[in-house]
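Encoded as structure tokens, the structure appears first; notes follow it.
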Amino acid sequence: MNSYYAANLLVYAGVDIIALLALNLQFGVSGIVNFSFIVFQAVGAYTAAVLSMPPDTTFGYEFQVYFGGYHLPFPIPWIGGAIAGGFLAIPVGLVVLRKLRSDYQAIALLVLSIITNEVITNARPFLNGAAGLALVPQPLSDVIDPNTETYQYFYVAITAVCVVLVFVVANRIVNSPYGRSLRAMREREIAAIAIGKNPVQLKMTVFIVGGVIAGLSGAILVGFIQLWAPSVWLYPETIILFAAIIVGGRGNNVGAILGALLVPVGFEEVTRFIPSSFGPPGLIPALQWVAIGLLIIGFLWFRPEGVRPEPRHVFEGAPVREDLEDARAS
Amino acid sequence: MDLYVAAFGFGLVGMSVIAIAAVGFTMQFGITNMINLAYGEVMISSAYVAYYVNKAGITIWVGMIAGALFGAVFSFLLNRFVYAPFQRKGTSHIGMVIVSLAVSLMIANLLLPIVGYYSVSYQDTTGGLLRAGGIVLTTNQIAIIGVAVVLMLLIHGLLRYTRLGKAMRATAANPTLARNCGIPTQRVIDSVWLITGALCGLAGVVAAMDSDSFAISNGAGFLITALAAAVLGGAGQPYGAMIGAVIIGMITELSAAAWAPEYKEVVAFGILVLVMVLRPQGLLSKRGALAAAG
């Protein structure tokens, strides 16, 4: 195992953890089925890319077309990516989250994800179409030489800082009164309205917060892999993240991290070592997707609460559900 | 101007294809309360069944029947072994949507190693050209319109004038009450999956005939247009889906003539967004997207 592989694995793990903490806030804690999550990551990545790249007339960059090209220093592109993710959440949320029933919300977001990808793929002048953006400059590459082992670990370190930051914020949200309102809304929206909560406002804020974090995760990833094309953010990528949340355990941040380590990182790393000469070309990646589907269906059937179930918040002196059932039975 | 007249002709074909798909989709949702996101993938699977029948030298019209039979059996089994057990278990609406999305992913990727990435097309004579006042259509396209009209009349007859149709409407309105009135809801739901599955399979073959070539990746596009028509008409309303199909089919073809053909699905999506903002319950439904799930 060389250091490049290790750094690669760690950065991917960090990006997946950040993304899953955001998706857990939306889907796990608040019950918003954001099937277009990957779009928010993609928008963050594109924004970070065009903020850090030089204009497309620069020597060496003329083979691609894109708008922007501001060549801004780190960390502005990352912050820009996060803000872009949050800004995208506002119009999408206003259309989808205000009136629609929850299953319609899910469908609308799924369709949005498919269509956005199609538009970006076909509209070349905007973000270079299907070919995507390449040669995205790495953060601080003018200070540290990116081709060194030191830089790899430097990147792992700044990713780790972001992971910790996001984890702390997500934990604060989940354990705050606001987080309790979100859970109340997820469990029974009408009851939440009855005690004076505004579900549209709750959903909108968590949708924007999730968008910001998703944008950040995309920005981190694009700075590391240096290229971004529509083919890497197709809607099935979101399904992997949902599989991770379902496997890890909905509604708790530790479960989200566990899911990140088990599904996008663990599962894909393990299956990477299956020799690709096995079967016709494309068989192994296809079977990986089938396995992701089986993982979701299997967990929803046998263990819908996931590997690490959400802890039940019980307050001292409050009657627990089992006690009530016992009392009713006797 | 001639361009738009020709596009109007294509719109007639497009709306026929969408109507078959959307009516099947909306009936599944209305009667069995299941948003089946694997619908597009079942369509494309059926199109491939017809492709292999056609490849063996048999005419595509026989292939169409084979596709319809495959769609019926496949949808029936899908419900029997995946959806119905989850519904009995009390999985939430959202849980069911996620299950069907996982199923859709699995179908597409099980199909991929069998049929490959490349686009294929049916080998058949497209028939002669028919002209009527600027509209030019092949006899196959006329036949597609004919098939759609006959199917819509059959669905209308089924829902209005047969005992099964009455039982279906009762099951859609209130399954518990229907069961208590002595309607065998289990058998009704089985027959709904068979009928809508046949529509789904037929729609897949017809959609594949209408586009010159097709590949697995078309499944998502098929789903989006069917969804857009169903939601526009009011989810769960077969007649609404027919109206939705007429509107979406015509607008997408006219926009393809006016703008760019690769954005047909984008236009369908635009209509979907407008409906969701302005009239989420759809044209014909009182309830639709607004009411609480369940």
### Summary
In region B:85-141, residues that are farther than 30 Å from residue A:284 by Cα and either in a helix (DSSP H, G or I) or under 22 Å from the mean Cα position of the chain (by Cα) (or both) total 6
#### Entry: Residue in region B:252-261 that is without any contact (Cβ under 8 Å) to a residue 12 or more places away in the chain and open to solvent by 40 Å² or more (accessible area, probe 1.4 Å) present
yes
### Query
Is it the case that residue A:107 is farther than 26 Å from residue B:95 by Cα, open to solvent by less than 30 Å² (accessible area, probe 1.4 Å), touching a Phe, Trp or Tyr at 6+ places or on another chain (Cβ under 9 Å) and within 14 Å of another protein chain (Cβ to nearest Cβ)?
no
### Any hit, region B:34-54, residues being under 19 Å from residue B:250 (Cβ atoms) and in contact with an Asp or Glu (Cβ under 7 Å, 6 or more places away or on another chain)
no
### Residue in region B:263-274 that is among the β-branched types (Val, Ile, Thr) and either in contact with a Ser or Thr (Cβ under 8 Å, 6 or more places away or on another chain) or at pLDDT 85 or above (or both) present
yes
#### Entry: Enumeration of residues in region B:79-136 that are charged (D, E, K, R) and either at positive phi or at pLDDT below 85 (or both)
B:124, B:131
### Query
Of everything in region A:50-102 that's within 14 Å of chain B (Cβ to nearest Cβ) and in a loop (DSSP other than H, G, I, E, B), which residue is nearest to residue A:142 (Cα to Cα)?
A:97
#### Entry: For residue B:218: the one exception among (1) over 15 Å from the mean Cα position of the chain (by Cα); (2) open to solvent by 10 Å² or more (accessible area, probe 1.4 Å); (3) within 21 Å of residue B:201 (Cβ to Cβ)
(1)
### Message
Taking the conditions exactly as written (within 14 Å of chain B (Cβ to nearest Cβ), closer than 22 Å to residue A:238 by Cβ and among the basic types (Lys, Arg)), does residue A:124 satisfy them or not?
### Response
no
### Message
Can you find a residue that is under 30 Å from residue A:189 (Cα atoms), touching a Gly at 6+ places or on another chain (Cβ under 8 Å), assigned to a helix (DSSP H, G or I) and among the charged types (D, E, K, R) anywhere in region A:242-253?
### Response
no
## Note on the structure
For region A:109-167 the number of residues that are of a type in the set (Gly, Ala, Ser) and closer than 17 Å to residue A:3 by Cα is 2
### Message
When you scan region A:282-292, do you find a residue that is assigned to a loop (DSSP other than H, G, I, E, B), surrounded by fewer than 16 Cβ atoms within 10 Å (Cβ to Cβ) and either in contact with a helix residue (DSSP H, G or I) (Cβ under 9 Å, 6 or more places away or on another chain) or within 14 Å of chain B (Cβ to nearest Cβ) (or both), even just one?
### Response
yes
### Query
Within region B:231-263, can you find the residues that are at the interface with another protein chain (Cβ under 10 Å from one of its Cβ atoms), part of a helix (DSSP H, G or I) and under 17 Å from residue B:22 (Cα atoms)?
B:231
### Task
Would you point out which residue out of B:42, B:23, B:13, B:17 is away from every other protein chain (no Cβ under 13 Å), of a type in the set (Val, Ile, Thr), touching a Pro at 6+ places or on another chain (Cβ under 6 Å) and touching a residue at least 60 places away in the same chain (Cβ under 8 Å)?
B:23
### Message
Just the residues that are open to solvent by less than 50 Å² (accessible area, probe 1.4 Å) and over 25 Å from residue B:95 (Cα atoms), please, taken from region A:191-220.
### Response
A:215, A:216, A:217, A:218, A:219, A:220
### Task
Any chance you could count how many residues in region B:56-84 are open to solvent by 40 Å² or more (accessible area, probe 1.4 Å) and in a helix (DSSP H, G or I)?
11
### Query
Does residue A:216 satisfy the condition of being touching a Lys or Arg at 6+ places or on another chain (Cβ under 7 Å) and away from chain B (no Cβ under 14 Å)?
no
### Summary
Scanning region B:166-183 residue by residue, those more than 14 Å from residue B:27 (Cβ to Cβ) and open to solvent by less than 30 Å² (accessible area, probe 1.4 Å) turn out to be B:178
### Task
Take residue B:229 and decide whether it is crowded, with 18+ Cβ neighbours inside 10 Å and either over 11 Å from the mean Cα position of the chain (by Cα) or of a type outside the set (Asp, Glu) (or both).
yes
### Query
If only one of A:260, A:243 is farther than 24 Å from residue A:180 by Cβ, buried (at least 24 other Cβ atoms within 10 Å of the Cβ), away from chain B (no Cβ under 14 Å) and hydrophobic (A, V, I, L, M, F, W, C), which one is it?
A:260
### Query
Which condition number in (1) open to solvent by 10 Å² or more (accessible area, probe 1.4 Å); (2) closer than 25 Å to residue B:46 by Cα; (3) modelled with pLDDT of 90 or more is the one that residue B:188 fails?
(1)
### Task
Mind listing whichever residues of region B:150-165 are open to solvent by 80 Å² or more (accessible area, probe 1.4 Å) and either outside any helix (DSSP H, G or I) or at pLDDT 90 or above (or both)?
B:150, B:153, B:154, B:161, B:163
### Query
Any residue in region A:177-190 that is without any contact (Cβ under 8 Å) to a residue 24 or more places away in the chain, of a type outside the set (D, E, K, R) and open to solvent by less than 30 Å² (accessible area, probe 1.4 Å)?
yes
### Query
Of these, A:156, A:174, A:164, which one is within 30 Å of residue A:311 (Cβ to Cβ), away from chain B (no Cβ under 14 Å), open to solvent by 20 Å² or more (accessible area, probe 1.4 Å) and at pLDDT 85 or above?
A:164
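The values are calculated or read from the model by the stated rules, or taken from the named source; none is laboratory data. All values reported here derive from a predicted model rather than from experimental measurement. FYI the Cβ positions are ideal-geometry reconstructions off the backbone, even for glycines, and counts take in every protein chain you see. The protein model used for the area step is the full one, side chains on, heavy atoms only, and it has no ligands, DNA or RNA in it. Shrake-Rupley method; radii C 1.70, N 1.55, O 1.52, S 1.80 Å.
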